[in-house]
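Heads up, the thing below is written out as structure tokens.
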Amino acid sequence: KITVPMVKETAVVASVVTLSGAFLVFNQVFILTNGGPGQASEVLGTQLYHSAFVNGDMGYASTIANIIFVITLILSI
């Protein structure tokens, strides 16, 4: 019989991979909606792109990049 403690490690690994992959969905959002109507589908990656290359605000974009790095580092640890 399979119980919850037996699948705990698998569930943790699957959730870490899924959550870290959620920060890498730039291509789909950018190609399909480019942030959506009224920035409804904006994610951190597209916000980073818009602030860096559209608005020219490199300081804010590097802050977003550091936040993405810290979040994925915490999730992977």
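The values are calculated or read from the model by the stated rules, or taken from the named source; none is laboratory data. All figures in this text were calculated on a predicted structure; none of them were measured in a lab. In this analysis, Cβ positions are derived from the backbone assuming ideal geometry, glycine residues included, and neighbour counts consider all displayed protein chains. These accessible areas exclude ligands, DNA and RNA; they are computed on the full protein's heavy atoms, side chains included. Shrake-Rupley method; radii C 1.70, N 1.55, O 1.52, S 1.80 Å.
Step by step: first the residues of region 20-41, then only those that are within 22 Å of LEU75 (Cβ to Cβ) and open to solvent by 70 Å² or more (accessible area, probe 1.4 Å), then the one that is modelled with the lowest pLDDT. Which residue is that?
Out of the qualifying residues, it is LEU24.
Yes or no: SER51 of a type in the set (Ser, Thr, Tyr), closer than 23 Å to ILE77 by Cβ and part of a helix (DSSP H, G or I)?
Answer is no for this residue.
Tell me, please, whether a residue that is of a type in the set (D, E, K, R) and surrounded by 11 or more Cβ atoms within 10 Å (Cβ to Cβ) can be found in region 7-18.
Within region 7-18 (the criterion being of a type in the set (D, E, K, R) and surrounded by 11 or more Cβ atoms within 10 Å (Cβ to Cβ)), the answer is no, since none of the residues qualifies.
Which residue out of VAL7, VAL12, VAL70, VAL16 is assigned to a helix (DSSP H, G or I) and in contact (Cβ under 8 Å) with a residue 40 or more places away in the chain?
Among VAL7, VAL12, VAL70, VAL16, only VAL16 is assigned to a helix (DSSP H, G or I) and in contact (Cβ under 8 Å) with a residue 40 or more places away in the chain.
Filter region 48-72 down to the residues that are of a type outside the set (A, V, I, L, M) and either open to solvent by less than 60 Å² (accessible area, probe 1.4 Å) or under 10 Å from the mean Cα position of the chain (by Cα) (or both) and list them by number.
HIS50, SER51, GLY56, GLY59, SER62, PHE69, THR72
List pairs: first in region 20-44 and without any contact (Cβ under 8 Å) to a residue 40 or more places away in the chain and part of a helix (DSSP H, G or I), second open to solvent by 50 Å² or more (accessible area, probe 1.4 Å) and of a type in the set (Ser, Thr, Tyr), Cβ under 8 Å, 6+ apart or cross-chain?
Taking only residues 6 or more apart or on different chains, the pairs are PHE26/TYR49; PHE30/TYR49.
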